[in-house]
1. By a straight-distance test (C-alpha under 20 Å), which aspartates and glutamates pair with Lys121 as possible cross-link partners, with residues fewer than eight away in the same chain excluded?
2. ³J(HN,Hα) across the stretch 79-84 via Karplus (A = 6.51, B = -1.76, C = 1.60, θ = phi - 60°), whole Hz, x for Gly/Pro?
3. So for the pair Lys106, Gln29, with labels modelled 7 Å out along Cα→Cβ, what separation do we get in nm?
4. Please report, ordered by residue number, every helix of the chain (full DSSP H runs) that is 18 Å or longer along its axis going by C-alpha atoms and whose mean Kyte-Doolittle hydropathy reaches -0.5.
5. Highest GNM mean-square fluctuation, the chain, Cα pairs closer than 10 Å: which of Gly86, Gly137, Gly41?
6. Given the -39500 (n - 2.57) contribution per DSSP H run of 4+ residues, what per-residue ellipticity at 222 nm results for the chain, rounded to the nearest 500 deg cm²/dmol?
7. Among Leu39, Leu123, Leu79, which one shows the biggest mean-square fluctuation in a GNM of the chain, springs joining Cα atoms closer than 10 Å?
8. Give me the one-decimal Kirkwood hydrodynamic radius in Å for the chain, with the sum taken over alpha-carbon pairs.
Amino acid sequence: MASGKDHDKSTRFWAAPFAIGIGLLLNIQSGLIGGAAFLVGGLWLSPDLDTNSIAIKRWGILQHLWWPYRKLIPHRSFLSHGPFLGTAVRMLYLFILCSLLIFLVKPLGFLTSFTATHFIKELSQQQPRKVLAALIGLEASAWLHLIKDGDP
(Lines give C-alpha, C1' and ligand atoms only; values in the text may rest on other atoms or scores of the structure.)
Protein backbone atom coordinates (compact mmCIF):
# COMPACT_ATOMS: atom_id res chain seq x y z
CA MET A 1 0.00 0.00 0.00
CA ALA A 2 1.41 3.38 -1.04
CA SER A 3 1.72 6.39 1.25
CA GLY A 4 -0.25 9.58 0.68
CA LYS A 5 2.87 11.26 -0.70
CA ASP A 6 3.36 8.39 -3.18
CA HIS A 7 -0.25 8.73 -4.32
CA ASP A 8 0.17 12.49 -4.78
CA LYS A 9 3.42 12.09 -6.70
CA SER A 10 1.87 9.51 -9.05
CA THR A 11 -1.23 11.63 -9.57
CA ARG A 12 0.82 14.67 -10.50
CA PHE A 13 3.08 12.63 -12.80
CA TRP A 14 0.27 10.89 -14.71
CA ALA A 15 -2.07 13.90 -15.03
CA ALA A 16 -0.30 15.34 -18.10
CA PRO A 17 0.00 12.03 -20.05
CA PHE A 18 -3.64 11.35 -19.21
CA ALA A 19 -4.69 14.81 -20.45
CA ILE A 20 -2.77 14.29 -23.69
CA GLY A 21 -4.39 10.90 -24.22
CA ILE A 22 -7.91 12.24 -23.66
CA GLY A 23 -7.09 15.23 -25.84
CA LEU A 24 -6.09 12.93 -28.69
CA LEU A 25 -9.21 10.78 -28.25
CA LEU A 26 -11.77 13.57 -27.88
CA ASN A 27 -10.36 17.09 -28.32
CA ILE A 28 -7.96 19.52 -26.65
CA GLN A 29 -10.54 21.10 -24.34
CA SER A 30 -11.74 17.70 -23.19
CA GLY A 31 -8.13 16.68 -22.60
CA LEU A 32 -7.56 19.69 -20.35
CA ILE A 33 -10.78 18.99 -18.47
CA GLY A 34 -9.92 15.31 -18.14
CA GLY A 35 -6.43 16.14 -16.85
CA ALA A 36 -7.83 18.63 -14.35
CA ALA A 37 -10.42 16.08 -13.20
CA PHE A 38 -7.62 13.51 -12.84
CA LEU A 39 -5.78 15.92 -10.52
CA VAL A 40 -8.92 16.79 -8.54
CA GLY A 41 -9.85 13.13 -8.28
CA GLY A 42 -6.42 12.10 -7.07
CA LEU A 43 -5.67 15.01 -4.77
CA TRP A 44 -9.08 16.05 -3.35
CA LEU A 45 -11.46 13.16 -4.06
CA SER A 46 -9.12 10.32 -3.20
CA PRO A 47 -10.42 6.93 -2.07
CA ASP A 48 -8.62 7.74 1.19
CA LEU A 49 -11.18 10.38 2.20
CA ASP A 50 -12.43 7.71 4.60
CA THR A 51 -9.30 8.21 6.77
CA ASN A 52 -7.32 11.05 8.31
CA SER A 53 -5.34 11.43 5.07
CA ILE A 54 -3.49 14.12 3.17
CA ALA A 55 -6.49 14.33 0.82
CA ILE A 56 -8.91 15.09 3.66
CA LYS A 57 -6.57 17.76 5.02
CA ARG A 58 -6.54 19.51 1.63
CA TRP A 59 -10.17 20.37 2.21
CA GLY A 60 -9.12 22.68 5.06
CA ILE A 61 -12.06 23.80 7.17
CA LEU A 62 -14.39 22.01 4.74
CA GLN A 63 -12.91 18.65 5.72
CA HIS A 64 -15.65 18.49 8.35
CA LEU A 65 -18.15 17.99 5.52
CA TRP A 66 -16.59 14.54 5.04
CA TRP A 67 -17.16 13.48 8.66
CA PRO A 68 -20.40 11.54 7.91
CA TYR A 69 -18.70 9.83 4.95
CA ARG A 70 -15.76 8.83 7.16
CA LYS A 71 -18.12 7.39 9.78
CA LEU A 72 -20.33 5.52 7.29
CA ILE A 73 -17.69 4.13 4.91
CA PRO A 74 -15.14 1.67 6.36
CA HIS A 75 -11.57 2.25 5.19
CA ARG A 76 -10.58 0.30 2.08
CA SER A 77 -14.09 -1.10 1.74
CA PHE A 78 -15.60 -1.70 -1.67
CA LEU A 79 -17.60 1.50 -1.16
CA SER A 80 -14.45 3.62 -0.96
CA HIS A 81 -11.86 1.61 -2.90
CA GLY A 82 -14.07 -0.31 -5.31
CA PRO A 83 -13.60 0.32 -9.03
CA PHE A 84 -16.38 2.57 -10.34
CA LEU A 85 -18.43 2.22 -7.14
CA GLY A 86 -15.92 4.13 -4.98
CA THR A 87 -15.93 7.14 -7.30
CA ALA A 88 -19.71 6.92 -7.70
CA VAL A 89 -20.20 6.92 -3.92
CA ARG A 90 -17.94 9.97 -3.47
CA MET A 91 -19.68 11.81 -6.33
CA LEU A 92 -23.11 10.93 -4.93
CA TYR A 93 -22.01 12.17 -1.51
CA LEU A 94 -20.90 15.50 -3.04
CA PHE A 95 -24.14 15.70 -5.03
CA ILE A 96 -26.15 15.25 -1.82
CA LEU A 97 -24.09 17.95 -0.06
CA CYS A 98 -24.58 20.37 -2.97
CA SER A 99 -28.31 19.62 -3.12
CA LEU A 100 -28.59 20.23 0.61
CA LEU A 101 -26.73 23.54 0.27
CA ILE A 102 -29.03 24.62 -2.57
CA PHE A 103 -32.05 23.63 -0.49
CA LEU A 104 -30.76 25.75 2.41
CA VAL A 105 -29.98 28.89 0.38
CA LYS A 106 -33.13 28.88 -1.77
CA PRO A 107 -35.28 30.43 1.00
CA LEU A 108 -32.78 33.31 1.10
CA GLY A 109 -33.68 34.17 -2.50
CA PHE A 110 -30.56 32.75 -4.13
CA LEU A 111 -30.67 30.15 -6.88
CA THR A 112 -34.47 30.24 -7.09
CA SER A 113 -34.81 28.01 -10.17
CA PHE A 114 -31.54 26.12 -9.82
CA THR A 115 -31.18 22.49 -8.78
CA ALA A 116 -28.10 20.27 -8.87
CA THR A 117 -30.00 17.69 -10.91
CA HIS A 118 -31.01 20.28 -13.50
CA PHE A 119 -27.42 21.56 -13.75
CA ILE A 120 -25.98 18.07 -14.31
CA LYS A 121 -28.67 17.21 -16.88
CA GLU A 122 -28.13 20.43 -18.85
CA LEU A 123 -24.35 20.16 -18.76
CA SER A 124 -24.45 16.52 -19.88
CA GLN A 125 -26.71 17.40 -22.82
CA GLN A 126 -24.79 20.50 -23.90
CA GLN A 127 -21.21 19.29 -23.35
CA PRO A 128 -21.22 15.46 -23.42
CA ARG A 129 -17.53 15.09 -24.37
CA LYS A 130 -16.39 17.40 -21.61
CA VAL A 131 -18.55 15.65 -19.01
CA LEU A 132 -17.27 12.28 -20.23
CA ALA A 133 -13.67 13.52 -20.00
CA ALA A 134 -14.25 14.74 -16.43
CA LEU A 135 -15.84 11.47 -15.35
CA ILE A 136 -13.07 9.41 -16.96
CA GLY A 137 -10.47 11.63 -15.28
CA LEU A 138 -12.04 11.16 -11.86
CA GLU A 139 -12.29 7.40 -12.30
CA ALA A 140 -8.80 7.04 -13.80
CA SER A 141 -7.26 8.77 -10.78
CA ALA A 142 -9.09 6.33 -8.51
CA TRP A 143 -7.75 3.40 -10.55
CA LEU A 144 -4.23 4.80 -10.23
CA HIS A 145 -4.78 4.93 -6.47
CA LEU A 146 -5.96 1.31 -6.42
CA ILE A 147 -3.03 0.15 -8.54
CA LYS A 148 -0.56 1.95 -6.27
CA ASP A 149 -2.20 0.24 -3.28
CA GLY A 150 -1.75 -3.14 -4.98
CA ASP A 151 -5.49 -3.74 -5.33
CA PRO A 152 -6.71 -5.80 -8.28
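1. Here the aspartates and glutamates satisfying the reach criterion relative to Lys121 are Glu139.
2. These are the phi-based 3J(HN,Hα) values: 6, 9, 10, x, x, 6 Hz.
3. Here the answer is 3.0 nm between the modelled labels.
4. Qualifying helices, which must be both long enough and hydrophobic enough, are 4-25, 28-43, 85-105, 128-148.
5. Answer for the Gaussian network model of the chain: Gly86.
6. The helix-only estimate for the chain comes to -22000 deg cm²/dmol at 222 nm.
7. Among Leu39, Leu123, Leu79, the largest GNM mean-square fluctuation belongs to Leu123.
8. The answer is 16.2 Å.
The values are calculated or read from the model by the stated rules, or taken from the named source; none is laboratory data. Worth saying up front: this structure is predicted, and the values here are computed from it rather than measured. Please note: Cβ atoms are built from the backbone with ideal geometry, for glycine as well, and neighbour counts cover all protein chains shown. Heavy atoms of the whole protein, side chains included, go into the accessibility calculation; ligands, DNA and RNA do not. Shrake-Rupley method; radii C 1.70, N 1.55, O 1.52, S 1.80 Å.
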